[in-house]
Structure formats: structure tokens, C-alpha cells
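Here's the structure we're looking at; comments come further down.
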Amino acid sequence: MNDFAKVWEKIDAEHADIMVALNRARVIAAESALSAAALVPVYEAVVRKFEGHFASEERALAETRCPDADSHRRQHQVLLIRLLSICQQMRGGQSIEIEQLQLIFQSLLDDAIGADASFRDYLTSATA
Ligand SMILES: [Fe+2]
Ligand SMILES: [Fe+2]
């Protein structure tokens, strides 16, 4: 496996790791009847995973000289603002709205199958 393929493999492993954390959070949401006290720390931990993933992906964008790096970074900033504002809303309430959870799941999809699709194409075409 060449270096670019390894870069993509690492990114995909991070997506899978976030998905595992999100699924765990979904189970806790169901078991706690959407209690904010139970869920806020769980979702804050998920948001920290997103932050770590975006930072690692942005290093990879720079190292591989991806031409879409600037717009991809801006997309990460928008997603992080969305995630941090959802956490802030959660902290201010007694219970969590199901729409807030759906937006957090959507954030992973927006990154993994949205912004990252062109990065994956760049990495795989550059290795062909
Ligand atoms: Fe990603
Ligand atoms: Fe991304």
C-alpha cells in the first residue's frame, strides 16, 4: 500500500471510530430518556473526537498538497460551529431534542461522505 492510500485508510478509520462513539451515545440517549445530565458529557466527548479528526485530516490535506484544502477546512469550521452550538443548547436544557442528535449524526455524514469525497478521489487518483 502506498503513502496516499495509507492516508485515506487512517481517515476512514477515524470516521469509523466517530461512528462507534455516536452509536454508543445513541444507546445512552435511549436508556437515559434523553436526559441532558446523562448526555451532555457523552456528546461533548463525541465533539472532541470530531475536533481531533478534523485536525488530523487538515494535517493530511496539507501534507498531500490537496488543492481543495482551503474549502475543506472551511467546511470543518462550519461543522464544528454547528456541533459546539448544539452542545451549548444541550447544556442549557433539561432534556435533549431528538433533532439535536440527528444534526450530530448528520455532521459525520456531511464530513465523511460530503467534503471528504473529493479528498478521497484526490488521494486515490494521485496513487493510480
Ligand atoms: Fe473526515
Ligand atoms: Fe473532512
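Each value in this text was obtained by applying a stated rule to the coordinates, not by laboratory testing. Since the model is a prediction, treat every value here as computed from it, not as a measurement. All Cβ positions, glycine included, derive from the backbone under ideal geometry; neighbour counts span all protein chains shown.
Listed values, structure above:
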| item | result |
| --- | --- |
| Ellipticity estimate at 222 nm from DSSP helix runs (n ≥ 4, -39,500 (n - 2.57)) divided over the chain, nearest 500 | -28000 deg cm²/dmol |
| Axial C-alpha extent at least 15 Å, average Kyte-Doolittle at least 0.0 - helices from the chain (DSSP) | 3-31, 36-63, 98-109 |
| Cα convex hull volume per residue for segment 37-122 (Å³) | 72 |
| Length-normalised contact order of the chain in % [C-alpha pairs under 8 Å, at least 6 apart] | 39 |
| Cα-projected label distance for residue 27 with residue 109, points at 7 Å along beta-carbon direction, nm | 2.2 |
| Net lengthening on full extension, residue 48/residue 120 (0.36 nm per residue, minus Cα-Cα) | 23.6 nm |
| Estimated distance in nm for a label pair at residue 68 and residue 35, the labels positioned 7 Å out from Cα along Cα-to-Cβ | 4.3 |
| Inter-centroid distance (Cα atoms) of segment 1-41 relative to segment 58-97, Å | 15 |
| Residue 5-residue 88 FRET efficiency (beta carbon distance; Förster radius 30 Å; 0.05 resolution) | 0.20 |
